[in-house]
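Below is one structure, written out as structure tokens; comments come after it.
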Amino acid sequence: MSSAATALTQPLEAPLPSEVAGRGQGWFTEYRRYPVFSSHWGRARLRPYLLVIGLILVSLLIPTVMDTAGPLPLGGFVTVALQLLVPTLAGPWLCLQVRRRGLAPKREWTTLVAVLVTLVLAVMAFQEWGSEPVKQWLAEQTGAVDAQGKRKKVIMAIGVSVTTPDDQAKGTPRDKMGEGLPTRWTNLLSGAFVSFWLAGGVGLWGLRRERQALESLARERELARAQAQRREAELQLSVLAAQVEPHFLFNTLAGVRSAIATDPTRASDMIDSLVNYLRAAIPRLRSDGGADATLGSQLDIVRAYLALMQARMPRLSHEINLPADLAAAPCPPLMLISLAENAIKHGAEPKIGPVHIHIEARHAGPGRVEVTVADNGAGFSEQAQSGGGLGLTNIRERLRQMHGERASLTLRAQPAGGVAATLAWPLD
């Protein structure tokens with residue numbers, strides 16, 4: 001599936017990702033958190049728009065009351081209110097019905113444009129031919145007519161002017177934007193612009209930007225997934241290389257050859273340990289690279305590795321404590337063996353004399369486990385040089401990807417010398 005196709009699977013009524021909607025949306029812009037023309041978008045947008053409409057009506061009402069003698073021109077006020085409220089309510093609702101049909105993007109776009117244009121034309125038709133009958137009927141119902149049944153006409157124009165027919169006869173200055181056009185056409189055009197805006201016309205551009213942002217986000221996430229897979233492959237390769245690379249095998253076989261002449265029994269033990277290690281490591285490196293790795297299987301690899309290293313270095317001893325109820329617990333793959341190798345390379349090998357590696361798994365609270373790989377080797381100063389190396393860096397990155405902030409890898413110096421590396425993660 002392409003990134004564009006993936007981006008367009010955004011559920012209509014689900015909040016947009018924060019990368020698209022942004023953060024810190026306030027009361028006035030809360031609607032931007034939702035897909036354009038969704039029901040949540042329409043409801044959240046209605047609050048600030050009703051506030052704007054209220055301010056527009058007040059701005060029309062005050063000068064009308066001040067400049068017009070006699071009864072309040074209720075008809076004009078009501079018709080202007082209808083011209084504002086109808087597109088504000090009907091536009092988003094009609095566009096919501098279009099979006100719910102799940103049309104193809106291009107067809108959906110043209111349908112939305114057609115719906116909004118039709119609604120604007122209907123509002124303009126009402127403004128041109130329907131407003132006067134409504135004003136006359138309201139004037140008759142409120143008694144704002146003379147003895148001949150005629151009302152005093154007051155023309156309200158949104159954002160242009162407030163005039164009477166007498167003012168027009170005297171020659172009211174035309175709006176500069178409508179210069180050369182009759183005031184009636186200027187009012188119609190300004191009314192059409194306001195209706196288009198209130199109905200959600202600006203949302204058409206918002207919808208296009210939203211789709212572009214979702215497609216861009218899908219590409220970014222796909223790239224992040226590819227990079228995560230590459231880092232996982234690097235970790236697997238680095239672990240595999242550390243266990244079967246030529247110098248590792250050569251050193252082991254060289255130790256076997258040397259021991260054959262001086263200590264045949266030890267040479268035999270080294271060969272048995274190497275076979276056991278390869279038997280434990282190779283199949284599980286192939287199969288445990290996913291989420292099905294268990295703590296018991298990962299420690300089996302570590303146990304075979306340490307047994308081989310102990311056969312090579314008789315001064316090395318090790319101990320692994322694993323509670324029975326944790327053996328089947330899920331475990332991030334290929335991480336414990338990396339910590340064991342780190343303890344051998346930077347703790348045991350540089351130290352002169354006996355060295356011990358102790359590994360202990362334990363519960364660290366409800367639904368949480370931790371494993372500590374501790375040695376009494378050369379100390380933190382030796383291992384600190386590799387603290388930012390590929391192995392530990394990849395472990396921390398993979399922990400973050402798998403469990404976020406709930407998993408961790410910490411290194412600390414041992415009071416009696418050596419380093420303890422603790423890997424902690426949740427069991428869910």
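A few notes on this one:
- Restricting the first member to region 309-333 and to residues that are closer than 30 Å to residue 266 by Cα, and the second to residues that are at pLDDT 95 or above and acidic (Asp, Glu), the beta-carbon pairs closer than 6 Å and six or more apart or on different chains are 321/360.
- Some residue of region 397-406 being of a type outside the set (Asp, Glu), at pLDDT 90 or above and under 19 Å from residue 326 (Cα atoms): yes
- When residues of region 301-323 are limited to those that are under 39 Å from the mean Cα position of the chain (by Cα) and part of a helix (DSSP H, G or I), the one surrounded by the most Cβ atoms within 10 Å (Cβ to Cβ): 301
- Test: residue in region 285-300 that is over 38 Å from the mean Cα position of the chain (by Cα) and modelled with pLDDT of 85 or more: yes
- In region 219-233, the residue that is nearest to residue 19 (Cα to Cα) out of those that are basic (Lys, Arg) and in contact (Cβ under 8 Å) with a residue 60 or more places away in the chain is 219.
- Region 419-428, residues that are at pLDDT below 90 and not hydrophobic (A, V, I, L, M, F, W, C): 428
- Elements of type helices (runs of 4 or more DSSP H) in region 1-73, at least 3 residues being modelled with pLDDT under 85 and open to solvent by less than 40 Å² (accessible area, probe 1.4 Å): 3-7, 39-67
- Of all residues in region 8-38, those that are more than 13 Å from the chain's Cα centre (by Cα) and of a type in the set (A, V, I, L, M, F, W, C) total 6.
- Any chance residue 90 is without any contact (Cβ under 8 Å) to a residue 24 or more places away in the chain and closer than 30 Å to residue 11 by Cα: no
- Check on residue 76, modelled with pLDDT of 70 or more and not in a helix (DSSP H, G or I): no
- Which numbered condition residue 130 fails, given (1) modelled with pLDDT of 75 or more; (2) not in a helix (DSSP H, G or I): (2)
- Selected residue (criterion: farthest from residue 326 (Cα to Cα)) from residues of region 410-419 that are surrounded by fewer than 19 Cβ atoms within 10 Å (Cβ to Cβ) and among the hydrophobic types (A, V, I, L, M, F, W, C): 416
- Odd one out for residue 343 among (1) under 26 Å from residue 258 (Cα atoms); (2) open to solvent by 10 Å² or more (accessible area, probe 1.4 Å): (2)
- Lone unmet requirement of (1) free of Cβ contacts under 8 Å to residues at least 60 places away in the same chain; (2) in a helix (DSSP H, G or I) for residue 102: (2)
The values are calculated or read from the model by the stated rules, or taken from the named source; none is laboratory data. On a predicted model such as this, the values are computed, not experimentally measured, just so you know. So basically every Cβ, Gly included, is an ideal-geometry build from the backbone, and we count neighbours across all protein chains shown. For accessibility, only protein heavy atoms count, side chains too; no ligands or nucleic acids. Shrake-Rupley method; radii C 1.70, N 1.55, O 1.52, S 1.80 Å.
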